[in-house]
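Report on one structure; see the data block that follows.
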Amino acid sequence: MFVGAANAVPAVVRYIVDGDTFSAGVKLQDDTVVSVRVRIRNVDTPEIHGECVDEIVAANVARDRLAELLPIDSVVELENVKDDKYLGRIDANVKDTRGRDVGRILIREKLGRAYSGGKRTSWCKQDKI
């Protein structure tokens, strides 16, 4: 559906899922609007249903920050859009309403870390729950 998109695709933020994923409405070429989950490319944030208290707390902070960066109903730009491994989700570089790379912001603010696929390392600093 989106594979190989060369230009930025505008999307309207519907809701925030977690620190690196949100739901958006995307208008296709025939003016059809589809709802899709967008996974922000090249960043990994802690999981909401994490393995320890530290991860869960950090996940909520990252999610709340993403909500600040991508307010509901704001129009963002999706670049380098590709299908994700999960059906109904895409991977994309995301620029906020000010043209800033959201993944880089999360990494710079230490709410996420650089990620290029593969096995993720643990966010836990203590024993798992």
>> Considering only residues that are surrounded by 14 or more Cβ atoms within 10 Å (Cβ to Cβ) and not basic (Lys, Arg), which ones fall in the range 62-74?
In response: 62, 66, 67, 69, 70
>> So for the range 31-38 (the condition being within 25 Å of residue 122 (Cα to Cα) and not polar (S, T, N, Q)), does at least one residue qualify?
In response: yes
> In the range 50-66, how many residues are farther than 26 Å from residue 77 by Cβ and without any contact (Cβ under 8 Å) to a residue 12 or more places away in the chain?
Replying inline: 2
> Does residue 122 qualify as being surrounded by fewer than 20 Cβ atoms within 10 Å (Cβ to Cβ), within 19 Å of residue 25 (Cβ to Cβ) and hydroxyl-bearing (Ser, Thr, Tyr)?
Replying inline: no
> Of these, 47, 77, which one is over 27 Å from residue 124 (Cα atoms), in contact (Cβ under 8 Å) with a residue 24 or more places away in the chain and surrounded by 14 or more Cβ atoms within 10 Å (Cβ to Cβ)?
Replying inline: 77
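Every number here is computed from the coordinates shown, using simple stated rules; none is lab data. Bear in mind that the values here come from a model prediction, so they are computed numbers and not experimental data. Using ideal geometry, Cβ is built from the backbone for each residue, glycine included, and neighbour counts are taken over all protein chains shown.
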